[in-house]
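Trainee: For reference, the structure I am asking about is given below.
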Amino acid sequence: MFAIVEIAGFQYKVQKDRYIYVNRLKGEVEDKITFDKVLLLSTDTDVKVGTPTVSGAKVEAKILEHLRGEKVIVFKKKRRKGYQVQNGHRQCLTKILISDIIA
């Protein structure tokens, strides 16, 4: 069984007892959160596609930790002008564990 859920403007495929990394969510570590925007719900026998969401379906999760992603180097250069800029960026992430998918 899996579901496609909209979390913070992005769509994720989630399964029970798996963890995913999403953009930083409000809440403390060990908090339980519920996502109501389930776009698709698939079981072993059938698939429910929402218009735009599946009514009555929810995904429950638990926040495991807040962390930062790997550093991404942003390098800009213009030829023959003596212009070079190098910046780094680390995205703030939240690791969540999918505890239950309620159909």
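The values are calculated or read from the model by the stated rules, or taken from the named source; none is laboratory data. Just so it is clear, the model here is predicted, and its values are computed rather than measured. Here the Cβ is made from the backbone with ideal geometry for all residues, glycine too, and neighbour counts use every protein chain on show.
Trainee: What are the residues in the range 52-103 that are under 20 Å from Phe35 (Cα atoms) and β-branched (Val, Ile, Thr), if any?
Mentor: Thr53, Val54, Val59, Ile63, Thr94, Ile96, Ile98, Ile101, Ile102, listed by residue number.
Trainee: When only residues in the range 78-103 that are assigned to a strand (DSSP E or B) and polar (S, T, N, Q) count, which is farthest from Lys48 (Cα to Cα)?
Mentor: Checked the range 78-103; the qualifying residue farthest from Lys48 (Cα to Cα) is Gln84.
Trainee: Within the range 7-26, track down each residue that is free of Cβ contacts under 8 Å to residues at least 40 places away in the same chain and either of a type outside the set (A, V, I, L, M, F, W, C) or surrounded by 13 or more Cβ atoms within 10 Å (Cβ to Cβ) (or both).
Mentor: Listed by number, the residues that qualify are Ile7, Gly9, Gln11, Tyr12, Lys13, Lys26.
Trainee: Mind telling me which of the residues Lys32, Lys48, Lys13 ends up being among the basic types (Lys, Arg) and at pLDDT below 95?
Mentor: Lys48
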